[in-house]
Amino acid sequence: MDKRLRKTLMALGPFGGLVFVFVFFAVLAPSEFVSFYNIKTIMTQSVIVGIAALGMTFVIISRGIDLSVGSQIALGTVVVAVILARGEGEPGLWLPVAGGMAGILICAFVGYVSAIFITRFNIVPFIVTLGTMQIARGVGKWIGMEQTVPAPENWLNNLMLIDPDPSWLLFAPGIWIALILMGISSVLLRHTIFGRYVFAIGSNEETARLCGVNVHRYKIIIYTLCGILTGIAAVMQFSSLTIGDPTSAIGLELDIIAAVVIGGGSLNGGEGSAVGSMIGAVLMAVLRNGCNMIGVPTFVQEIIIGAIIVGAVLVDQQRHKK
Amino acid sequence: MIPFRSSLLLCLLLVFFLASCTDNQPSDEADALQIAVIPKGTSHQFWKSIHAGANKAGSELGAEIIWQGPQKEDDRQMQIQVVQNFISRNVDAIVLAPLDARSLVKPVESAIGRGIPVVIIDSGLESDQISSFVATDNRLGGALAADHLSELLGGEGKIIVLRYQEGSASTTNREEGFLERIREIAPGIEIVVDNQYAGATIEKAFQVSQNLLNRFGDVDGIFCPNESSVQGMLRALQTAGKAGEIQLVGFDASESLIEGMRDGHIQGLVLQDPFFMAYQGVQTAVKVIKGETVEAQQNTRVKLVTPENIDSAESQELLSPDLETWLK
């Protein structure tokens, strides 16, 4: 009995965990928990961490880490807001596009700079990105002049509406964007040479190098790609806040890394999946939402999320022993 | 095998943990009003008073108070999510102290759009759809401080006004209230500087204060508009050996500020009443649910505490409110 239960649990992996947590709250929480509106709420709340976790998945599979993503998101929101605030009159269609692109580009640039230091000077990613984390946060406060940056009403603000406009979209545009990006990331990882190389570098960097993989070049691509996805998450963050906030997303990098780990990513490299990371992000949103629903105090939520992370790694280890 | 068992054990523990946490909800009062109260954070003394005041109103009016702060202190995104989750949960009303005047507008308006009235407390929200705004009258508080400082100085002398931070609405109102009143009642008082900002931390306030005191060492009085700026100025005065010589009037209280007052280093502190603010916020929410009309803006009291009246019953009620009774 125990064996069969274990087998099915293992096979399901993070998705099983998500179902378990959902059913758990569906039983305990008031009936509103399973309402369509609440499910839309949970999904919208997963978007920011989810998209950033897709980028982090590439980095973690290649046995790297990027601690600067939280600061990148804050910096991104400030850049978007500053550009929107520059325009006169109604922002129209194109100014928000320019703002969004600039936000994405600045995050990509932070990722690129981190990668240059990691590869050229051979410093471990943990230290480099610990540094770029501070730098990006500081630059964000600098550009924002140590304040939140207000922006005029514009269409970016509608990306994260729980009840989308137009309503035939059913879900917030941000959710659809996240799903499309998940599809692209998944294909990139599983069905392209680039994806193979990401796994190869993470499994054994030396072997990959000896097999003729230009490890440095691919690492630069990986961190820049992570920056691009983080930049898209920053646009979502801006959409949700409707202002540029250099103090936002403090500690969010830990949520993002946790999402990847819950989704089956291994900090030892060579493992992880885009779908898994997205499920990890949704799982944490379900936990927060469920805890709010049944009125659990804030500190209990933190303890539970911590326990889930350790639990996920435990289950993962078991899967490997087989 | 063992690790698997232990992870199963972990899950079971979690279940019990959660189950025990939900026990304190009164399930027998299924038809009681559910009012969500959302602070900016949960660990400061100020928010503990807010919590206690909300609980008191809840128990008097037979409403269930659901207290839920943002999971990360002062994180706007987390506060937005808490509001969204309460909309999903379909509570009867929300009482919110918004972390930001703009970014909370969308979630609040979507709550109102789904028929959940929202009462804003403590700091403002740029929306005209809210039921009511209950907060300290900060201008009046600033004016009280001006009256006191002018009295201490006999209507003449030089003073410093150390501002708190750009873009903070409540403290700006205190500063403006102070300046307006002092110009009105004491033309003999010269404001030597009023364009310097203390910043958000005590450390920064301390440095700015030191710089100001080095430059304007001959001032007679100082006004600071919040806890951290008073704290920084107090330390600067103490290290410069000028504490007690220069009259210091501030806003808000903490244990070390009270001690400063007892040592004769602070001559006046304007106090707010968070306990009553939350009480009135919840009371207003219940009135709105019952269809009664409420005032769009409600001010809660401010009181000047001085070394002379610090031990009076009213001062003590504000300085150490009865939290124990309402936060079991």
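Remarks
- Checklist (1) in contact with a Ser or Thr (Cβ under 7 Å, 6 or more places away or on another chain); (2) within 14 Å of chain B (Cβ to nearest Cβ); (3) polar (S, T, N, Q) applied to residue A:68, failing item: (2)
- Breaking point among (1) touching a residue at least 60 places away in the same chain (Cβ under 8 Å); (2) assigned to a helix (DSSP H, G or I), for residue A:95: (1)
- Some residue of segment A:37-53 being surrounded by fewer than 24 Cβ atoms within 10 Å (Cβ to Cβ), modelled with pLDDT of 95 or more, more than 14 Å from every other protein chain (Cβ to nearest Cβ) and within 28 Å of residue A:223 (Cβ to Cβ): no
- Check on residue A:82, under 25 Å from residue A:228 (Cβ atoms) and away from chain B (no Cβ under 13 Å): yes
- The single condition among (1) farther than 23 Å from residue A:239 by Cα; (2) surrounded by 22 or more Cβ atoms within 10 Å (Cβ to Cβ) that residue B:187 does not satisfy is (2).
- Any pair with Cβ under 6 angstrom, 6 or more apart, that starts in segment A:33-53 at a residue that is free of Cβ contacts under 8 Å to residues at least 24 places away in the same chain and ends at one that is assigned to a helix (DSSP H, G or I): A:34/A:26
- Checked against (1) surrounded by 21 or more Cβ atoms within 10 Å (Cβ to Cβ); (2) out of contact with any Ser or Thr (no Cβ under 8 Å at 6 or more places or on another chain); (3) assigned by TED's automatic domain parsing to the domain that holds residue B:214, residue B:151 passes all but a single condition, namely (1).
- Single unsatisfied condition, residue B:263 versus (1) touching a residue at least 40 places away in the same chain (Cβ under 8 Å); (2) in contact with a Gly (Cβ under 9 Å, 6 or more places away or on another chain): (1)
- Selected residue [within 10 Å of chain A (Cβ to nearest Cβ) and either at pLDDT below 95 or closer than 15 Å to residue B:98 by Cα (or both)] from B:71, B:45: B:71
- Looking only at segment A:243-267, and only at residues there that are more than 17 Å from residue A:60 (Cα to Cα) and hydrophobic (A, V, I, L, M, F, W, C), the one that is nearest to the chain's Cα centre (by Cα): A:249
- Residue within segment A:86-96 that is among the aromatic types (Phe, Trp, Tyr) and surrounded by fewer than 24 Cβ atoms within 10 Å (Cβ to Cβ) present: yes
- Checking segment A:233-242 against the condition returns no match, with no residue being within 14 Å of chain B (Cβ to nearest Cβ), outside any helix (DSSP H, G or I), under 19 Å from the mean Cα position of the chain (by Cα) and closer than 26 Å to residue B:109 by Cβ.
- Flag for residue A:32 being on the phi < 0 side of the Ramachandran plot, at pLDDT below 95 and more than 14 Å from chain B (Cβ to nearest Cβ): no
- Condition met for residue B:287 (of a type in the set (D, E, K, R), out of contact with any helix residue (DSSP H, G or I) (no Cβ under 6 Å at 6 or more places or on another chain) and either at pLDDT 95 or above or more than 30 Å from residue B:154 (Cβ to Cβ) (or both)): yes
- Among the residues of segment A:110-130, not a single one is modelled with pLDDT under 95, within 23 Å of residue A:238 (Cβ to Cβ) and among the hydrophobic types (A, V, I, L, M, F, W, C).
- Test set (1) surrounded by fewer than 24 Cβ atoms within 10 Å (Cβ to Cβ); (2) under 20 Å from the mean Cα position of the chain (by Cα) - residue B:235 fails condition number: (2)
- Helices (runs of 4 or more DSSP H) (entirely within segment B:77-194) containing at least 1 residues that are more than 15 Å from the chain's Cα centre (by Cα), within 14 Å of another protein chain (Cβ to nearest Cβ) and under 30 Å from residue A:295 (Cα atoms): B:105-113
- Figure legend. Inter-residue proximity from segment B:56-76: first residues on the phi > 0 side of the Ramachandran plot and touching a residue at least 40 places away in the same chain (Cβ under 8 Å), second residues of a type in the set (S, T, N, Q) and surrounded by fewer than 22 Cβ atoms within 10 Å (Cβ to Cβ), beta-carbon distance below 6 Å, spacing 6+ or different chains. No pairs are indicated.
- Any hit, segment A:243-250, residues being part of a helix (DSSP H, G or I), of a type in the set (Gly, Ala, Ser) and surrounded by 24 or more Cβ atoms within 10 Å (Cβ to Cβ): no
- No other residue among B:50, B:65 is away from chain A (no Cβ under 14 Å) and buried (at least 22 other Cβ atoms within 10 Å of the Cβ) apart from B:50.
Rundown of residues vs (1) aromatic (Phe, Trp, Tyr); (2) within 7 Å of chain B (Cβ to nearest Cβ); (3) surrounded by fewer than 24 Cβ atoms within 10 Å (Cβ to Cβ); (4) within 18 Å of residue A:25 (Cβ to Cβ), yes/no style:
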| site | (1), (2), (3), (4) |
| --- | --- |
| A:277 | no, no, no, no |
| A:280 | no, no, no, yes |
| A:291 | no, no, no, yes |
| A:295 | no, yes, yes, yes |
| A:299 | yes, no, yes, no |
| A:305 | no, no, yes, yes |
| A:310 | no, no, yes, no |
| A:313 | no, no, yes, no |
| A:318 | no, yes, yes, no |
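The values are calculated or read from the model by the stated rules, or taken from the named source; none is laboratory data. Keep in mind the model is a prediction, meaning the values are calculated, not measured. Using ideal geometry, Cβ is built from the backbone for each residue, glycine included, and neighbour counts are taken over all protein chains shown.
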